[in-house]
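Single-structure report; data block below.
Readers should treat all values here as calculations from the given coordinates under stated rules, not as data from a laboratory. Since we're looking at a predicted model, the values are computed, not measured. Note: ideal-geometry Cβ built from the backbone for every residue, glycine included; neighbour counts use all protein chains shown.
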Amino acid sequence: MFLTKRLILSRVAFATVILILASALHANNLGDAAAQEKARNYFTNLELISQDGERLQFYDDVLKDNVVVISFIFTNCQGACPLMTRNLTMIRDMLRESERAGIKFVTISLDPVRDTPAAMKEFAQTHDADQEGWLFLTGKPDNVNSVTKLLGSFTDDLEAHTTMLLAANVRNSHWTKIPPNVPPNGVVERLRLLVEDNAAP
Amino acid sequence: MRRRDLRNGAVAASVSRRAAAALLLTVFAGLASSVVTPTSTSVASSAIAAEPAPADERGQYIYTEGKSRSNRVITAVLRRGEAPVPAAILPCGSCHGTDGRGAADYSGVAPLNINWYALAQAGKHEHGARLHTAFDEQSIARAIIDGVDPDGNALDSTMPRYNMSDEDMADLIAYLKAVDSQADPGIGPTSIRIGTVLPMEGQLAGMGEAMRDTIEAYFSTVNAAGGVHGRRLELVIGSWGANDDPPIWPARDLVDKELPFALVSGYVPNYDAEFAALSAEKSIPLIGPYTALLPLDGADDNDEDSDEAGNKRFSFYAVSGLAEEAQVLVEAVAAEMVPGQTRVAVVYPQVQSFDALAESARDRAAELGFRSATVSAYWYGQFDSAATVAQLRDEQVDAVVFLGSAEELLQLGRAAERAGWLPYLLSPGLLAESQVFDLPKSFSGRVLLSYASLPTDYTPEGSAEFEKLHDDFSFEYRYSMAQIAAYTSAKIAVEGLERAGRSLSREELVQALEGLQDYHPGLVPPISFGPDRRIGALGAHIVRVDLAAGRFDESTQWIDLGTASDAN
């Protein structure tokens, strides 16, 4: 069962599934604690701040044990960010209640100097995305930029920023990139696979 | 006890150490990680509701459209004896302008300024040579309906006579009272909201409070004397320091939520460029932020709006920062020695924007025609004085412009003396003052410090006013440098607001500030801005250190950068 899903996952996303955490490929072979430690070291526990002012350690409070879908925005964005965020709300709505509870939506600022927690909150509200289980993260610019770099999405040129989504089953170290042209139902399918992966032995 | 500083002409007393130390946090980013305790960024304020009353809005519709929201008929008689026409053909705003100030020329006539402030003052509202008594609500209604002023004289015949219901007239008058405050945020009929950003919590809270108290004290005296053109100054504060969130956040939240008309003073260490970029992005005047690193070049390198022309227009700085001081130091070398026979070196730590700072000093040296001008950088905290001395001596450097710390300058001086090499040593006083008297005596007369301002700049009136503020409001005076900066910024802002006039807009304020020439705020050198000039006192004092006597030379020299072709 587990293997089949892995195959499906890799086939569905053939070119776009990229394991950005190469060292974690074998995470399942390590002890849980050791794997987590490794992942924590990679992703760091840099402090980020949610739209509600909560201070979160990136690995322990945001990633650990979760299925996450990560997007990147800046609140002044006139282009892709609002569209992408609307897509994400559609995706969320398409998920069943039970599925939604198991998936953490994470939206990270690409412009932490300007994106105060209050600005992130406003952006979330504007896009009807200020919901339970959806974090809009900013923080000290050094921290935020380090995290976006780790996730391969840092940019100096905001207008040219990535609209790639990252989705992961962090527990199993399955990381995938989802390009912007995948329709919402396609994204939903991938998220379901990631969630089911969790239940696997 | 530190009030002595004010009266004391001694240069040595010029820098309040605490404030200087705080300013240096700006300079050496590495030191700036300071504060803890997790609570979220707050915007402290005494918010005032700026919601226009519905009557205003209905009145605005009448003013601009000539129609009533209630669909009651409003008519206008354009020429005497003619039949009434819908007022929509010639609504108030079509001649008097959306801001009520009147067009300069409208088909040969000059519609008047109908701001309530002008209307409600006797003699302010001119009809040619004729001055009349002040309008009130009844007489303005008569003017609109019957075309007569409060003294019964007929208005110009080009002013239509309107007919409308009492309700619509009341709405229109409500709007007239507010028409001049519609343009920019933060202006009310009787108030101007001014924002500032300060550390009100954490390690620097004392300094933040001292700066706030100074600004509030000065604003209070202005308000007590009737405010600025009838408007009271209100201060709203974006506070940081409770945690290590970027200080630029409360600045942004302040501008977004409190909608201040302008930003005055403020201390946003390590985010000076972002502070200026915020001012540019929101077109909000920023007057005199407290910093030693003025982000005049590349202020918006990371700003996607950087293509927009003139987006740095909104930031004004009272006095020079380290970059300008470094250029002044190079000028000082040229004044001491013949540039063509002199080799000058700029030595600096690689922190923050010091690369650009050193480059600007070297560029200045190149312009002045020095025999050679080099820069030499070292890693912050890893200054190797012996190696630096060996290198510079090999290059036969005659003068060193040193931009490191006081301790490092001392190391440099001692190593140079050991090597039997005695170049001129020049450094900003802000960086070097604290240990400069420990330099080897053999350098006496060869050590020059720069200061953006000195107690010698105090005018008697400035000193008296500042001390009166201190007495009347008994604010803390432990951070004299920061407080003088805050006071200076508040004074410049008020001067600009006074000159901008009652019909205030941010653009008017920017233009008024650009018009400041030789304005003396009292405790710093005279301030001049201009269309291409954003540093008020563009230059610095040069002070010679008498190491033998252990004091500063009494005579100081002001070197002005404003007259140079590439000022700023």
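Taking the Cα atoms of region B:211-259, the ratio Rg/Rh between the radius of gyration and the Kirkwood radius comes to 1.10. If the cut-off is 17 Å between C-alpha atoms, which aspartates and glutamates fall inside it for A:Lys104, apart from same-chain ones fewer than 8 positions away? Result set, ordered by chain and number: A:Asp52, A:Glu54, A:Asp60, A:Asp61, A:Asp65, A:Asp93, A:Asp128, A:Asp130, A:Glu132, A:Glu189, A:Glu196, A:Asp197. Taking the Cα centre of region A:84-192 as origin and assigning +1 to Lys and Arg Cβ atoms and -1 to Asp and Glu Cβ atoms, the resulting dipole is close to 440 debye.
Other protein chain C-beta atoms within 10 Å of residue C-beta, averaged over B:248-259: 3. Averaged over peptide A:114-127, the number of partner chain Cβ atoms lying within 10 Å of each residue's Cβ comes to 3.
Pair-distance distribution of region B:148-250: all C-alpha pairs, bin width 5 Å, starting at 0; shares per bin in whole percent are 3, 10, 13, 13, 12, 11, 10, 7, 6, 5, 4, 4, 2, 0.
If we count every other residue with Cβ under 13 angstrom of A:Pro82's Cβ, Lys/Arg +1 and Asp/Glu -1, where does the sum land? Residues near A:Pro82 contribute -1 overall. A viscosity of 1.306 mPa s and a temperature of 10 °C, combined with the Kirkwood radius over Cα pairs in Stokes-Einstein, give a translational diffusion coefficient for region B:406-467 of 120 µm²/s. Computed on the Cα atoms alone, the convex hull of region B:460-510 gives a volume of 100 cubic angstrom per residue. Pairs from the list B:Lys257/B:Lys468; A:Lys121/B:Lys257; A:Lys149/B:Lys257; A:Lys64/A:Lys149; A:Lys121/A:Lys177 with a Cα-Cα gap above 23 Å: B:Lys257/B:Lys468; A:Lys149/B:Lys257; A:Lys121/A:Lys177. In summary, the aspartates and glutamates within cross-link reach of B:Lys282, defined as a Cα separation below 14 angstrom excluding same-chain residues under 8 places away, comprise B:Asp184, B:Asp253, B:Asp256, B:Glu258, B:Glu274, B:Asp300, B:Asp303, B:Glu304, B:Asp305, B:Glu308, B:Glu507. Taking other C-beta atoms within 10 angstrom as a stand-in for reagent exposure, B:Val401, B:Val447, A:Val68 fall in the order A:Val68, B:Val447, B:Val401, fewest first.
Counted by Cβ distance under 9 Å from B:Ala373, the other residues give a net charge of +3, where Lys and Arg count +1 and Asp and Glu count -1. From most to least packed by mean Cβ count within 10 Å, the peptides B:476-488, B:529-541 give B:476-488, B:529-541.
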